[in-house]
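One structure is given below, encoded as structure tokens.
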Amino acid sequence: MESTRPTVAELVQARWGDHRPGLWCEDLVLTHHEVAAGAAARAALLTDLLPPGAEPHVGVLLDNTPEYPLWLGAAALAGAALAGINPTRRGPELARDILHTECRVLLTEQTHLPLLADLQLPGVRILVTDTEEYENLLAPYTESEPDASRATPSDHLLLYFTSGSTGAPKAAICSQGRLAAAGRSLVDQFGVGQGDVHYICMPMFHGNAVIADWAPALAAGAGIALRRRFSASNFLADVRRYGATYFTYVGRAVQYVLATEERPDDRDNPLRLGFGTEAGAVDAAAFERRFGVRLVEGYGSSEGGAAVQWSPGTPTGAVGRTRPGLVVLDPETQAECPPAVFDSAGRLLNGDAAIGELVNRAPNPFEGYWRNPEADAERRREGWYWTGDLFYRDRDGYLYFAGRADDRLRVDSENLAAAMIENILARYGGADAVAVYAVPDPVTGDQVMAAVAGEFEPLDFAEFLLAQSDLGTKMAPRFVRVVERMPVTATNKIHRARLRREGVRCADPVWWRPPGESSYRRLTEEDAEGPLVGTRGPSSVRRQGLEPRTR
């Protein structure tokens with residue numbers, strides 16, 4: 001029954017009277033009791049600020065400052081929902097996110113005020129947390145005590161935006177019961193205790209930081225240490241400063257940490273575990289060798305419709321074992337994909353057939369999107385939960401992540417997964433980071449393009465490709481964009497939409513392999529305008545990274 005399920009509000013209230021240090025941010029240290037008291041004060045303020053009849057929603061446009069977890073706790077105690085607002089959004093798109101989630105109160109800080117200038121936000125009260133006015137507004141509520149009795153497990157607690165390749169971001173709903181359960185599950189899985197310190201360096205407007213980092217810390221009574229914005233160069237210094245034992249990541253963040261200068265004492269740190277997604281086997285092994293810290297790859301759809309849990313014995317590269325209801329389906333035929341076939345080196349040989357979309361045909365806790373029935377229907381097709389993520393499974397039932405469904409390429413009528421090609425290209429010695437994506441074919445379907453950060457030598461790269469036994473005949477990149485730094489989103493994931501949008505007409509050097517050839521050469525303006533490249537749009541590309549045509 002619902003009454004027996006825990007709420008996040010109860011977890012916040014449980015920290016009342018706990019005077020151990022519980023939150024660190026730069027030079028600020030708060031006890032668990034002070035965090036609970038701060039959440040209670042803000043819950044009381046929010047209750048008074050919300051107009052009668054309004055949706056109990058509060059928007060948070062903040063970096064990872066102490067105000068963020070304090071308002072998470074406040075929303076829980078008040079039975080309200082917190083909408084994480086992405087500070088990389090601009091203009092009408094930013095206004096749309098705030099208004100779509102019906103936030104009547106918006107928390108921000110002075111550094112983000114320029115983002116709100118000239119926006120039309122009718123009925124939205126803006127509070128600026130690093131001002132005297134805000135402190136004066138909060139002052140009458142500082143004696144409030146946390147009261148979890150108003151909250152129920154079904155109360156919406158999070159409205160966090162998930163983005164796709166097209167359309168406006170969708171606000172996924174997460175209830176108090178689901179978030180509390182997720183926190184408890186990770187505590188049990190990783191043995192999180194009160195002596196742990198969780199380092200939160202991923203942005204808190206995203207589910208990664210809240211669901212996989214903040215929630216288990218709250219459930220266990222562990223401490224949290226905040227980094228305002230992710231910094232690879234400060235990662236190890238922060239870990240040592242705060243005594244951090246656990247952190248969450250996305251793959252690009254791991255690559256940036258690995259790209260920092262190695263030092264003899266890198267393994268001298270208190271970390272015992274990193275939990276995240278898309279690091280890749282090569283980077284995970286390099287991270288463990290250098291820092292002595294195991295990275296555990298996990299999978300859970302942001303919306304809660306499917307999850308795969310790592311367990312001892314999970315093969316390298318796998319996320320975890322399938323369970324009843326979880327299947328890998330061909331999205332066109334809805335037939336189950338055959339098991340993966342590997343060579344003696346563990347390389348996938350039948351990716352075209354084995355890779356499909358992960359679907360949960362069992363009951364699941366997907367709670368929908370805020371006021372978006374079309375998106376709900378897309379996820380719940382045939383009464384099943386379609387994750388939008390590509391996987392393959394081995395004969396023992398272990399699942400391997402193969403990318404997003406939006407990252408699938410169709411080359412000469414063959415379906416390819418970008419993540420599979422990336423895993424192969426990551427072996428190239430000069431590559432610090434690799435991204436693979438589709439650009440239009442001049443006739444039909446896609447061509448493979450790769451962005452490579454690091455050193456690129458065209459002859460060496462071509463020879464490398466020929467030596468990869470698991471590189472299918474359609475997988476070799478037609479185009480290679482050489483970048484100094486991989487473009488990423490605010491959540492440190494590859495900015496694939498930007499890469500696809502820019503295609504070959506970009507500001508970076510582009511190399512290409514013409515049809516029928518095995519070597520790469522610089523793409524010229526004449527090439528880009530020719531019939532073999534298949535790009536569209538204006539041809540004024542001299543200033544966009546292409547070689548001028550030779551006469």
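The values are calculated or read from the model by the stated rules, or taken from the named source; none is laboratory data. Keep in mind that this is a model prediction, so the values were computed, not measured. Glycine gets a Cβ as well: all are built from the backbone with ideal geometry, and neighbour counts include every protein chain shown.
For the condition aliphatic (A, V, I, L, M), touching a strand residue (DSSP E or B) at 6+ places or on another chain (Cβ under 8 Å) and either surrounded by fewer than 18 Cβ atoms within 10 Å (Cβ to Cβ) or closer than 24 Å to Leu121 by Cα (or both), what is the one hit in Leu61, Leu28?
Leu61
One line per residue, one yes/no per condition, for (1) closer than 22 Å to Arg427 by Cβ; (2) not small (Gly, Ala, Ser); (3) not in a loop (DSSP other than H, G, I, E, B):
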{"position": "Arg267", "(1), (2), (3)": "no, yes, no"}
{"position": "Val296", "(1), (2), (3)": "no, yes, yes"}
{"position": "Gly305", "(1), (2), (3)": "no, no, no"}
{"position": "Ser311", "(1), (2), (3)": "no, no, no"}
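Would you be able to say whether some residue in the range 462-473 is under 27 Å from the mean Cα position of the chain (by Cα) and of a type outside the set (A, V, I, L, M)?
no
Looking for whichever is modelled with pLDDT under 95 and either surrounded by fewer than 16 Cβ atoms within 10 Å (Cβ to Cβ) or aliphatic (A, V, I, L, M) (or both) here; the options are Ala139, Ala168, Ala117. Which one fits?
After ruling out the rest, the residue left standing is Ala168.
Which residue, of Ala419, Ala402, is touching a residue at least 24 places away in the same chain (Cβ under 8 Å), of a type in the set (A, V, I, L, M), touching a helix residue (DSSP H, G or I) at 6+ places or on another chain (Cβ under 9 Å) and not in a strand (DSSP E or B)?
When all the criteria are applied, what remains is Ala419.
Of Leu390, Leu416, Leu358, which residue is closer than 28 Å to Leu532 by Cβ and outside the structural domain of Leu159 (by TED's automatic domain parsing)?
Going through Leu390, Leu416, Leu358 in turn, just one is closer than 28 Å to Leu532 by Cβ and outside the structural domain of Leu159 (by TED's automatic domain parsing): Leu416.
When the range 284-312 is examined, which residues are found to be over 30 Å from Pro169 (Cα atoms) and surrounded by fewer than 19 Cβ atoms within 10 Å (Cβ to Cβ)?
Ala285, Ala286, Glu288, Arg289, Arg290, Gly292, Arg294, Ser311, Pro312, listed by residue number.
Out of Ala220, Ala215, I need the residue that is touching a residue at least 40 places away in the same chain (Cβ under 8 Å) and out of contact with any Cys (no Cβ under 9 Å at 6 or more places or on another chain). Which one?
Ala215
Test Asp48 against the stated conditions and say whether it is in contact with a Phe, Trp or Tyr (Cβ under 9 Å, 6 or more places away or on another chain) and surrounded by fewer than 17 Cβ atoms within 10 Å (Cβ to Cβ).
In short, yes.
Please find, among Gly351, Gly368, the residue that is more than 15 Å from Ser302 (Cβ to Cβ) and not hydrophobic (A, V, I, L, M, F, W, C).
On inspection, the qualifying residue turns out to be Gly351.
Which condition number in (1) of a type in the set (Lys, Arg); (2) buried (at least 20 other Cβ atoms within 10 Å of the Cβ); (3) farther than 30 Å from Gly313 by Cα is the one that Arg393 fails?
That leaves (3) as the condition not met.
Return yes when Ala450 is surrounded by 18 or more Cβ atoms within 10 Å (Cβ to Cβ), under 24 Å from the mean Cα position of the chain (by Cα), under 18 Å from Ala279 (Cβ atoms) and modelled with pLDDT of 90 or more and no when it is not.
Spelling it out, it is not the case that Ala450 is surrounded by 18 or more Cβ atoms within 10 Å (Cβ to Cβ), under 24 Å from the mean Cα position of the chain (by Cα), under 18 Å from Ala279 (Cβ atoms) and modelled with pLDDT of 90 or more.
Can you confirm whether Ile200 is crowded, with 21+ Cβ neighbours inside 10 Å, of a type in the set (A, V, I, L, M, F, W, C) and more than 13 Å from the chain's Cα centre (by Cα)?
It is true that Ile200 is crowded, with 21+ Cβ neighbours inside 10 Å, of a type in the set (A, V, I, L, M, F, W, C) and more than 13 Å from the chain's Cα centre (by Cα).
Determine the pairs where a residue that is free of Cβ contacts under 8 Å to residues at least 12 places away in the same chain and farther than 27 Å from Thr489 by Cβ, located within the range 188-208, has a partner that is in a loop (DSSP other than H, G, I, E, B) and among the small types (Gly, Ala, Ser) with Cβ atoms under 8 Å apart, the partner being 6 or more residues away or on another chain.
From the range 188-208, no pairs qualify.
Any chance the range 478-488 includes a residue that's modelled with pLDDT under 85 and in the same structural domain as Glu463 (by TED's automatic domain parsing)?
no
I'd like to verify a number: residues in the range 280-294 that are out of contact with any Asp or Glu (no Cβ under 6 Å at 6 or more places or on another chain) and in a strand (DSSP E or B), how many?
Here the count works out to 0.
With respect to the numbered conditions (1) surrounded by 15 or more Cβ atoms within 10 Å (Cβ to Cβ); (2) at positive phi; (3) at pLDDT 90 or above; (4) not assigned by TED's automatic domain parsing to the domain that holds Lys493, which one is the sole condition not fulfilled by Trp384?
Looking at each condition in turn, Trp384 falls short on (2).
May I ask you to say which residue of Ala345, Ala306, Ala335 is in contact (Cβ under 8 Å) with a residue 12 or more places away in the chain, farther than 30 Å from Glu55 by Cα and of a type in the set (Gly, Ala, Ser)?
Ala345
Which members of the range 223-238 meet the condition of being touching a Ser or Thr at 6+ places or on another chain (Cβ under 8 Å) and within 17 Å of Arg485 (Cβ to Cβ)?
Ala232, Ser233, Phe235 - these are the residues of the range 223-238 that are touching a Ser or Thr at 6+ places or on another chain (Cβ under 8 Å) and within 17 Å of Arg485 (Cβ to Cβ).
Scanning for something farther than 25 Å from Leu157 by Cβ and modelled with pLDDT under 95, does the range 207-224 turn up at least one residue?
no
Specify the residue that is surrounded by the fewest Cβ atoms within 10 Å (Cβ to Cβ); the eligible residues are those in the range 313-344 that are more than 26 Å from the chain's Cα centre (by Cα) and outside any loop (DSSP other than H, G, I, E, B).
Step by step, filter the range 313-344, then rank; the result is Glu336.
Would you check if there is a residue in the range 461-476 being at pLDDT 95 or above and either in contact with a Gly (Cβ under 9 Å, 6 or more places away or on another chain) or assigned by TED's automatic domain parsing to the domain that holds Asn350 (or both)?
yes
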